[in-house]
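See below for the structure under consideration.
Every number in this text was worked out from the coordinates using simple rules, so none of it is lab data. Values in this document were obtained by computation on a predicted structure and should not be read as measured data. Here Cβ is always computed from backbone atoms with ideal geometry, including for glycine, and neighbour counts include all displayed protein chains.
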Amino acid sequence: MDDFRVKCKRCGRPAKPNEFVLDPEFRMMVCPNCIREKRQKQEVYAELNAMKKAKKEAEAGEESKEKPLGWDHEDDILEKAAKMKMKNSVKVEQIDENHVKYVCPKCKYKFAYDTVRKMPKNCPYCSSELSRMMF
Ligand SMILES: [Zn+2]
Ligand SMILES: [Zn+2]
């Protein structure tokens with residue numbers, strides 16, 4: 001019974017039925033993997049846009065100067081930064097069937113997350129909301 005898995009309609013990966021979440025953007029029940037990926041993407045893009053904006057503003061401030069060498073590699077650099085970010089973002093490690101080891105992305109506090117009872121709801125250390133971050 002505990003091993004019962006349902007295939008996610010969006011990504012095809014199997015997950016426990018009680019882990020599925022109705023997502024307003026996908027307009028369907030999706031697995032925790034989909035939610036996690038969506039969240040990571042949103043965070044990365046928000047950061048990239050902020051970086052681009054800051055760079056543009058800096059460039060506008062010195063219009064008379066020549067463009068620095070390699071300025072056209074900006075997108076490459078941003079892409080690399082995005083990949084790094086993905087790697088460094090929330091990692092979960094399965095401890096046992098009902099628990100994952102979770103590292104709070106905000107304060108790096110490590111704790112066990114109960115995937116069945118969906119507890120705790122907040123990071124015990126900095127009280128960031130977990131449900132919005134990944135589950
Ligand atoms: Zn999925
Ligand atoms: Zn925290």
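Here are some notes:
Yes or no, residue by residue, for (1) closer than 27 Å to Glu97 by Cα; (2) within 17 Å of the chain's Cα centre (by Cα); (3) surrounded by fewer than 16 Cβ atoms within 10 Å (Cβ to Cβ); (4) more than 9 Å from ligand 1 (Cβ to nearest atom):
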{"residue": "Phe4", "(1), (2), (3), (4)": "yes, no, yes, yes"}
{"residue": "Cys11", "(1), (2), (3), (4)": "yes, yes, yes, no"}
{"residue": "Ala15", "(1), (2), (3), (4)": "yes, no, no, no"}
{"residue": "Leu22", "(1), (2), (3), (4)": "yes, no, yes, yes"}
{"residue": "Val30", "(1), (2), (3), (4)": "yes, yes, no, no"}
{"residue": "Ala46", "(1), (2), (3), (4)": "no, yes, yes, yes"}
{"residue": "Lys52", "(1), (2), (3), (4)": "no, no, yes, yes"}
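- Residues in the stretch 1-48 that are free of Cβ contacts under 8 Å to residues at least 40 places away in the same chain, hydrophobic (A, V, I, L, M, F, W, C) and assigned to a helix (DSSP H, G or I): Cys34, Ala46, Leu48.
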